[in-house]
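Encoded as structure tokens, the structure appears first; notes follow it.
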Amino acid sequence: MGKFGGINKSILLFLLIHIAIKSVIFSQEIIDKPIQFSEERKQLSLEYLKTHYDIKQEEPIITPRMIVLHWTAIPSFEESFKAFDDVHLPDSRAGIKDASTLNVSTQFLVDRDGQIYRLMPETFMARHVIGLNHVAIGVENVGGENAPLTKAQLKSNIWLVNYLKAKYETIVYLIGHYEYKNFESSDLWLENDDTYRTDKIDPGVDFMNKVRAATKNLKLRGAI
């Protein structure tokens, strides 16, 4: 095999392909559209970490170990964003308000046209999955049972999974929100409140199967 500038051609080809793949992974645009993250939200987040997980720290930072895909059960981007923006949970979420008044949130929100929005720093704790918020990056998709997720959203979720795995080597799991209870017996699960559980079906088994099939090369683990 010939050489190019002292570099074996097969090695050079491998490097060029690797660079090309990385370029594709990081080519899609993420728009920053931050929700309110005031000092009060920060303190509520730290309180949540302490109360639910016995984690005491100065900043609400996480080391991501998993990606959790969701749907918002709200048909429009505007209303979905509004649901996460306030610092406090609305009265309509009385079922989980006893656990904390901290509003639900997510690191990413994907609109129906596939546009990806980053709502908060990727390694800030978001309240989106019981028992696992301290290790989970959330991806919410606008839609639900009455507004099925779109092909554009599927494509963007696949892209996001690749993006996040390339950025954070610590990520080893990819799950749908409906699978979170399977982790109750795992070392990752830290929830202190045995009565704090909700039943979930999002983002749907079919959607998860398609994302997993398209990202199987990443060798991410599913629900335990």
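List of remarks:
- Residues that are outside any helix (DSSP H, G or I), assigned by TED's automatic domain parsing to the domain that holds P64, more than 15 Å from the chain's Cα centre (by Cα) and not basic (K, R) occur in the stretch 171-185; there is at least one.
- Every listed requirement among (1) free of Cβ contacts under 8 Å to residues at least 40 places away in the same chain; (2) among the acidic types (D, E); (3) within 21 Å of G204 (Cα to Cα) is met by E78 save one, (3).
- Scanning the stretch 118-136 for residues that are out of contact with any Leu (no Cβ under 9 Å at 6 or more places or on another chain) and not polar (S, T, N, Q) gives M120, P121, F124, H128, V129, I130.
- Residue count for the stretch 189-214, restricted to those that are farther than 19 Å from D98 by Cβ, assigned to a loop (DSSP other than H, G, I, E, B) and either outside the structural domain of R127 (by TED's automatic domain parsing) or of a type outside the set (V, I, T) (or both): 4.
- For the stretch 37-69, the tally of residues that are not small (G, A, S) and either not assigned by TED's automatic domain parsing to the domain that holds R212 or not in a loop (DSSP other than H, G, I, E, B) (or both) stands at 19.
- The one condition from (1) at positive phi; (2) crowded, with 18+ Cβ neighbours inside 10 Å that G114 does not meet is (2).
- Filtering the stretch 10-19 for residues that are at pLDDT 95 or above and surrounded by 12 or more Cβ atoms within 10 Å (Cβ to Cβ) leaves an empty set.
- Meets criteria (touching a residue at least 12 places away in the same chain (Cβ under 8 Å) and within 19 Å of E40 (Cα to Cα)) for N141: no
- Qualifying residue in the stretch 121-140 (condition: within 18 Å of P75 (Cα to Cα) and in the same structural domain as T63 (by TED's automatic domain parsing)): yes
- Note on the stretch 131-170: among residues that are assigned to a strand (DSSP E or B) and touching a Phe, Trp or Tyr at 6+ places or on another chain (Cβ under 8 Å), the one that is surrounded by the fewest Cβ atoms within 10 Å (Cβ to Cβ) is G144.
- Of the criteria (1) crowded, with 22+ Cβ neighbours inside 10 Å; (2) without any contact (Cβ under 8 Å) to a residue 60 or more places away in the chain; (3) over 22 Å from N182 (Cβ atoms), which one D91 fails: (1)
The values are calculated or read from the model by the stated rules, or taken from the named source; none is laboratory data. What you see is a predicted model, and the numbers here were worked out from it, not measured in a lab. Neighbour counts are summed over all protein chains in view; Cβ atoms, including those assigned to glycine, are modelled from backbone coordinates with ideal geometry.
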